[in-house]
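Student: Sending over a structure as structure tokens; questions will come in a sec.
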Amino acid sequence: MTSNPYPLGLRLDGRRVVVVGGGAVATRRVPALLDAGADVLLVAPELTPALRARADAGRLHWVPRRFAPEDLDGAWLVQVAIDDPIAAASVSALAAERRIFCVRADDRSAATAWTPAVTRHGPVTVAVLGGGDPRRAMTVRDAIRDLLAVRLAPESSAPTQSRPDAATGGRQAGRVALVGAGPGDPELITVKGWRLLTEADVVVADRLVPGLLLDELRPDVELVDASKIPYGPSRAQEEINQILVDRALAGAFVVRLKGGDPYVFGRGGEELLACAAAGVPVTVVPGVTSSIAAPAAAGIPVTHRGVAHEFTVVSGHLAPDAPASLVRWDALAGLHGTLVILMGLKNLAAITATLIAHGRSPETPAAVVQEATTGTQRVLRSTLGEVAAAVLTADLRPPAVVVLGDVVNALDEGPRPS
Ligand SMILES: C[S@@+](CC[C@H](N)C(=O)[O-])C[C@H]1O[C@@H](n2cnc3c(N)ncnc32)[C@H](O)[C@@H]1O
């Protein structure tokens, strides 16, 4: 009978790990070693394209030949990722002689170390060993991963750095995360954004964030509805900045949840600067922006081979002749590619007239996507010359994205997304 393995977390930063073999097993093992900061020496006559790319990028040292004993010089760990049992046994014997732990892909029972099935949740790593049965380990790992992702995180993983420090009685400084919530479908938030949301003490949410995300917050989370803050737009922004800073300085972990991506017409930069000025640390989690997702949800790729080699995202919240406008509509009219206009419904007649006046064809295909990726999504297809009138007739309303360009019809032969 063999004894139970003794679990350890290896801290491999800058430490030499030798990987023998350049095939499928090595391709799966190497990324986690690199992620742990290991100094990877890969010994193999040939590499898979994925490993080759890492070698070319200087992320690991590749020795393009078969294994030689001196490869183990200075190693802390060896991973044998070859299926030739005689060669594997010889590497493993040499490793044992030098007291270097050795993981073997070909024969787990002959190995001196096993790699666990792993799931990572921010700073938390859960590693599962299945008593020599990798499938059992993976099944247990999957169950734990689901539990952590869906339910356990809100209860158990509240960020320690934003909780009162019970031992000292003091409070540690809080922090802010600017999180992109995606365009509307609650499933389009990123995994990281979702995790931080489940860890928040305070959530400051915009009008356009998916309601279902807020529905799942813990009952003790303070929810600040940023769209209900009174005063004009700039005063409201100052107020929001102040709330972020005040709550964080009081020790809370504040998630500022914003529609789409925080840095695409989201004023995320202003909030970051306000926090930085107050010494509050900020994490930015990008989101799926409506400028790409809304066209996609309507079956429109913003680029398509042979159709559009560029796409430009522009705000239409100011009319083209408004003195404060920063947009060169005349220059945009000269582009051949895709134009995506956010916040453009109110000024659509003036915008389309300006583009046509500066040379863009009135026949250019156009589409408007309202409330994209939600159950109430509406899509209108038209042309540059007619879209403004069509929007009025169809009574389309914000939030909506306008797409102009040949990409609008690029997938007409193919299936539309459901
Ligand atoms: C203040 S901007 C914020 C954009 C956001 N940061 C992003 O990356 O999607 C608001 C505009 O985004 C667009 N928008 C946001 N969500 C949308 C959706 N689900 N469907 C259509 N347009 C949307 C509309 O043009 C809306 O007026």
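The values are calculated or read from the model by the stated rules, or taken from the named source; none is laboratory data. All of these numbers come straight from a predicted model, not from anything done at the bench. Positions of Cβ are backbone-derived with ideal geometry, glycine not excepted, and every protein chain shown enters the neighbour counts. Side chains included, ligands, DNA and RNA excluded: accessible areas come from the protein's heavy atoms. Shrake-Rupley method; radii C 1.70, N 1.55, O 1.52, S 1.80 Å.
Student: How do the helices (runs of 4 or more DSSP H) wholly within the range 1-117 filter down when requiring 3 or more residues that are open to solvent by 50 Å² or more (accessible area, probe 1.4 Å) and closer than 26 Å to Arg141 by Cα: which remain? Walk me through it before giving the result.
Tutor: Numbers: elements: 24-35, 49-56, 85-97.
Those helices (runs of 4 or more DSSP H) span 24-35.
Student: Residues being within 14 Å of the ligand (Cβ to nearest atom), small (Gly, Ala, Ser) and within 20 Å of Ala331 (Cα to Cα): count how many of those fall in the range 292-312.
Tutor: Final tally of qualifying residues: 0.
Student: Looking at the range 268-283 only, could you name the residues that are open to solvent by less than 50 Å² (accessible area, probe 1.4 Å) and either within 13 Å of the ligand (Cβ to nearest atom) or within 16 Å of Val209 (Cβ to Cβ) (or both)?
Tutor: Gly268, Gly269, Glu271
Student: Could you tell me whether any residue of the range 349-360 is part of a loop (DSSP other than H, G, I, E, B), under 18 Å from Ile300 (Cα atoms), more than 16 Å from the ligand (Cβ to nearest atom) and at pLDDT 95 or above? Even if it seems obvious, please write down each step before you answer.
Tutor: Of all residues in the range 349-360, those part of a loop (DSSP other than H, G, I, E, B) come to 358-360.
Those still in the list that are under 18 Å from Ile300 (Cα atoms) too: none.
No.
Student: Taking Ala367 as the residue in question, decide whether it is over 30 Å from Arg247 (Cα atoms) and crowded, with 21+ Cβ neighbours inside 10 Å.
Tutor: Working: over 30 Å from Arg247 (Cα atoms): yes; crowded, with 21+ Cβ neighbours inside 10 Å: yes.
When the stated conditions are applied, Ala367 passes them.
A quick yes/no check of all residues on (1) of a type in the set (Ser, Thr, Tyr); (2) modelled with pLDDT under 85; (3) under 27 Å from Gln370 (Cα atoms); (4) surrounded by fewer than 16 Cβ atoms within 10 Å (Cβ to Cβ):
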residue: Pro159; (1), (2), (3), (4): no, yes, no, no
residue: Pro164; (1), (2), (3), (4): no, yes, no, yes
residue: Gln172; (1), (2), (3), (4): no, yes, no, yes
residue: Pro183; (1), (2), (3), (4): no, no, yes, no
residue: Pro186; (1), (2), (3), (4): no, no, yes, no
residue: Asp201; (1), (2), (3), (4): no, no, no, no
residue: Ala205; (1), (2), (3), (4): no, no, yes, no
residue: Ser227; (1), (2), (3), (4): yes, yes, yes, yes
residue: Arg247; (1), (2), (3), (4): no, no, no, no
